[in-house]
Amino acid sequence: MKCVQVAIPLPVRDPFSYELNTEAAGDVGIGCRVRVPFKNREIQGYVVGFRDEADVKSIKPVLECLDREPVLDANFLELTRWIGEYYFCSWGEAIENALPKTVRAGIKHREGSAKVCDTGAPFRVTLNEEQEAVVAEIFPALEAGAHSTFLLHGVTGSGKTEVYIRAIKKTLDLGKSAICLVPEIALTDQIREFFRGHFGNLIEIIHSRLTDRERFFAWQRIRGGESRVVLGPRSAIFSPVKNLGLMIIDEEHEGSYKQEESPRYHARTVAWKRAELEKAVLLLGSATPSLETMHAAESGRIRKLELTRRIDERELPEVRIVDLKQEASNRGKSVAFSFPLIHEITQSLERKEGVLILLNRRGFSTQVHCLQCGGIVQCRHCQVALTYHQERGRLLCHYCNYQRRLDEACPSCRAAVLKYVGWGTEKVESEIARFFPQARIARLDLDIAKKKGKQEEVLGDFRKRKTDILVGTQMIAKGFDFPHVSMVGVISADVSLALPDFRSDERTFQLLTQVAGRAGRGNARGRVIFQTYSPHHPSILYAKEHDYRRFFDSEIEKRRELDYPPFCHLINVVIQGRDEKEVYGVSREFCSKLKGHREKLPFREILGPAPLPFYKLRGHFRWHVMLKGREVLGMNRFLREVLSDFRKPSQVRLTVDVDPVSVL
Ligand code: ADP
Ligand code: ZN
């Protein structure tokens, strides 16, 4: 019997076969959405193939075909099939993840709305020599219409965006389309207007505030070839553009390109696969490329392009390290604002230049200690300290959002001697206001950005110089071009170093380099202060010197010695549940089952089971097993086999994270 193969958007293994009866059969083609019975309900699935089935009895019929013409093309199907295989989810789940909600929901749509017409009015600059040289490498690749990947390594303020614009224009001239990814936080009015100015009504901008309806119409315009440039965050990599010529990933090292829920895909990896399938050019841009990308460039697998100087020969900022240990011993107490920092801020304010102050920790005090019993006030569901948020007057858990009112007494011993310690952005903001009563101060962190329109307002006011000092978390460090900022202060360069994750040195270097790069993009030379308790740490020292090369050389050696990415692939299997003993038991069993297959093991190493650094989160105890190997697809095949007959209590969850970006 002729059957269709349907990918089901649930964590199941293979596509399922369904019978086509005559009514439904007429229009069904590969890439159509169908309604099918599954277990005891009806769901929507995606036709991915046809097949002759001999065993007819167990086969159920397709109930309805939702499309006259396929909504998914062959490349999209192949890409999502690969994502399922690589990122350990089903094909159907990978398909659903890549589609707008309304398409997933099976709604039959009428024609989309035509978009408002605006024509681009570009503000045109002449490329400098380095930019010209870079563009001269990219254009032939675009013309060749074959797959190639470039790393554009350009120091902060070197004019990478202008290179992107030229490459996209070239792509359009060739009759093709382009996708440009930027990290979600950098997707502000500024960059939107900039791109709109260049590409007018050819552009489609995807951002988190779009409604489902707007998202769907955007998807339709892209699919219809009306929109040929897509600007958006991670998920925009799945845009169904016609005739893809170019994909750009700006700030390619950014962790937000990895999705932290299933499918746990990385947009860079997906883009690379898509470029291969659709013979497109992939351009990865960064001032601080990920170790993976730079390693690929060094070993010749991708091509490296460099912008070594800032626009108009502007100098990179002068960075000074302030040793907080020294400062504390000089002043007899530990301080958050060293004298050099205060001095620099004062100078900038006098000269009416902008100041950015970074502390990558939100809230007011990061811990509440009891001086009587020595305890720290913790979350009820997580093994983490609660953060005191003064504005809300509450203690808050940053992992599960648990909140409690401020108590005068210690929750464990009832003594009324609580001490608030550790600095967050709220406290920095209020302290700066105390030091500089005449200054206009604003703050940007997750608590502010959650309020609708507030992030745009804060950034807009700062750009228009209605505020003098902007305090914030990493949100202020990413990609902004504020020419009037001459001074950047980092309250504590050590925040991310303390995290027990193999990427924490890399992340610290990136964050410091990026935030320092915000200074001195206008006429005045930038000045930067890093305050730290570890003034000799390579991440801090090399960031001070703007020396990516030496940072890379030292970090890559460590990775080689410890056999970590980019020298291997990691698969992180996380086992969690509410019953501590049960979780531990399952973790051990799983591990011994893996090790039982020793002779045909596709892994170089099996680490664990070990408790995760955040051992208890949201009421769940968490263990993990880390697998190291060379070839992901082979590792996954083996893992699937092991898991196919692995029994565990249903309340214990097991998740597989391929190429994890954070292991906490
Ligand atoms: P990056 O992304 O490399 O940090 P940007 O792309 O933001 O740097 O460029 C920094 C600034 O230089 C921007 O204001 C940009 O408009 C300007 N710029 C870029 N290229 C040129 C050029 N060739 N001539 C003059 N200004 C330029
Ligand atoms: Zn919590």
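The values are calculated or read from the model by the stated rules, or taken from the named source; none is laboratory data. Only a predicted model underlies this, so the values are computations on that prediction, with no experimental measurement involved. For neighbour counting, all protein chains shown are included, and Cβ atoms are generated from backbone atoms with ideal geometry for every residue, glycine included. Just so you know, the surface numbers come from the protein's heavy atoms only, side chains and all, with ligands and any DNA or RNA stripped out. Shrake-Rupley method; radii C 1.70, N 1.55, O 1.52, S 1.80 Å.
Listed highest first by mean packing, meaning other Cβ atoms within 10 Å per residue, what order do 258-266, 354-362 come in? Please list the in-between numbers first.
Details: 258-266: 17.4, 354-362: 24.7.
Highest mean packing first, the order is 354-362, 258-266.
Give the whole-number value, in cubic angstrom per residue, of the convex hull volume spanned by the C-alpha atoms of region 367-421.
Details: hull volume 3.9 nm³, N = 55.
Spelled out: Cα convex hull of region 367-421, divided by residues, is 70 Å³.
Say R0 is 51 Å: what FRET efficiency, to the nearest 0.05, do GLU64 and ARG380 get from their beta-carbon distance?
Working: r = 47 Å, r/R0 = 0.93.
Once rounded, the FRET efficiency stands at 0.60.
Take the Cα of LEU127, step 7 Å along the line toward its Cβ, and report every residue of region 157-172 whose backbone nitrogen sits under 12 Å from that point.
Label zone hits: 160-171.
If the chain were replaced by its equivalent ellipsoid, with semi-axes equal to the square roots of 5 times the Cα gyration tensor eigenvalues, what would those be, largest first, whole Å? Write down the numbers at each step before the final one.
Details: eigenvalues 368, 227, 118 Å².
Sorted largest first and rounded, they come to 43, 34, 24 Å.
With contacts defined as alpha carbon pairs under 8 Å and 6 or more residues apart, what's the relative contact order of region 345-472 in percent?
Numbers: 225 pairs, mean separation 37.1, N = 128.
It comes to 29 percent, rounded to a whole number.
Could you order the peptides 640-646, 456-462 from most to least packed, using the average number of other C-beta atoms within 10 Å per residue?
On the way: 640-646: 12.1, 456-462: 18.3.
Averaged packing, sorted descending, gives the order 456-462, 640-646.
Mind checking the dipole of the chain: about its Cα centre, +1 per Lys or Arg Cβ, -1 per Asp or Glu Cβ, Debye to the nearest 20? Don't jump to the answer; show the numbers that get you there.
Numbers: 102 positive and 87 negative charges, 328 e Å.
So the dipole magnitude of the chain works out to roughly 1580 debye.
Determine the dipole magnitude for region 129-311: charges of +1 sit on the beta-carbon of Lys and Arg, -1 on that of Asp and Glu, nothing else is charged, the reference point is the Cα centre, and the result goes in debye to the nearest 20.
Details: 26 positive and 25 negative charges, 102 e Å.
My answer is approximately 480 debye.
In sequence order, what are the phi-derived ³J(HN,Hα) couplings for region 143-151 according to the Karplus relation 6.51 cos²θ - 1.76 cosθ + 1.60 with θ = phi - 60°, rounded to whole Hz, with x for glycine and proline?
5, 5, x, 10, 6, 8, 10, 10, 9
Quick check on my link table: of LYS352/LYS544; LYS450/LYS478; LYS39/LYS60; LYS419/LYS452; LYS160/LYS466; LYS258/LYS452, which ones sit more than 22 Å apart, alpha carbon to alpha carbon?
On the way: LYS352/LYS544 25 Å; LYS450/LYS478 18 Å; LYS39/LYS60 10 Å; LYS419/LYS452 34 Å; LYS160/LYS466 28 Å; LYS258/LYS452 25 Å.
Violating the 22 Å Cα-Cα cut-off are LYS352/LYS544; LYS419/LYS452; LYS160/LYS466; LYS258/LYS452.
At 7 Å along the Cα-to-beta-carbon direction for both ARG351 and GLU226, put a label point, then send me their distance in nm to one decimal.
Each label point is offset 7 Å from its Cα along the Cβ direction, giving 5.0 nm.
Using DSSP, restrict attention to beta bridges with both residues in the chain and report what percent are antiparallel, rounded to the nearest 5.
Numbers: 54 of 106 bridges.
Roughly 50 percent of the beta bridges in the chain run antiparallel, per DSSP.
Would you report the distance distribution of C-alpha pairs in region 129-311 as whole percents per 10 angstrom bin, up to the bin with the largest distance?
10, 40, 39, 11, 0
Sorted from largest to smallest, which semi-axis lengths in Å does the alpha carbon gyration tensor of region 24-109 give for its equivalent ellipsoid, taking the root of 5 times each eigenvalue? Provide the component values of the computation, followed by the final result.
Working: eigenvalues 81, 55, 37 Å².
So the three semi-axes of region 24-109 are 20, 17, 14 Å.
For a label point 7 angstrom out from the Cα of ASP501 toward its Cβ, which stretches of region 645-660 have the backbone nitrogen within less than 11 Å?
660
Per residue, how much accessible area does the chain have with a 1.4 Å probe, in Å²?
On the way: 29320 Å² over 664 residues.
Ligands and nucleic acids excluded, the figure is 44 Å² per residue.
For the ranges 385-393, 160-168, 344-352, what's the packing order if you count other beta-carbon atoms within 10 Å of each residue, average per peptide, and put the highest first? Mind showing how you got there, number by number?
On the way: 385-393: 18.4, 160-168: 22.6, 344-352: 15.8.
My ranking of the peptides, most packed first, is 160-168, 385-393, 344-352.
May I ask you to derive the relative contact order of region 569-658, considering only C-alpha pairs under 8 Å and at least 6 residues apart, and to give it as an integer percent?
Computed value for region 569-658: 48 percent relative contact order.
Could you work out the helix-only [θ] at 222 nm for the chain, with each DSSP H run of four or more residues adding -39,500 (n - 2.57) and the total divided by the number of residues, to the nearest 500 deg cm²/dmol?
Details: 20 runs with 211 residues, N = 664.
Result for the chain, helices only: -9500 deg cm²/dmol.
Each residue of region 603-614 in order: what ³J(HN,Hα) in whole Hz does its phi give by Karplus 6.51 cos²θ - 1.76 cosθ + 1.60, θ = phi - 60°, with x for Gly and Pro?
Whole-Hz 3J(HN,Hα) from phi for region 603-614: 10, 7, 7, 10, 9, x, x, 9, x, 6, x, 8.
From Cα pairs below 8 angstrom and at least 6 apart in sequence, can you work out the relative contact order of the chain, rounded to a whole percent? Working shown, then result.
Numbers: 1309 pairs, mean separation 75.8, N = 664.
Value for the chain: 11 percent.
Short version: ³J(HN,Hα) in whole Hz for each residue of region 36-45, in order, from phi by Karplus 6.51 cos²θ - 1.76 cosθ + 1.60 (θ = phi - 60°), x for Gly and Pro, what are they?
Ordered by residue, 3J(HN,Hα) equals 9, x, 9, 6, 9, 9, 10, 9, 9, x Hz.
In terms of solvent-accessible area of protein heavy atoms at a 1.4 angstrom probe, what is the ranking of LYS325, LYS464, highest value first? Kindly include the intermediate steps, with their values, before the conclusion.
Working: LYS325 110, LYS464 135 Å².
Largest to smallest exposure gives the sequence LYS464, LYS325.
Could you work out what % of the accessible surface of the chain is carbon and sulfur, using a 1.4 angstrom probe and leaving DNA, RNA and ligands out of the count?
48 percent
Given the Cα-Cα distance of TYR564 and ILE30 and 0.36 nm per residue of separation, how much length would full extension add, in nm? Display every interim value, and only then the final one.
Numbers: separation 534, 0.36 × 534 = 192.24 nm, distance 4.06 nm.
Contour length minus the Cα-Cα distance gives 188.2 nm.
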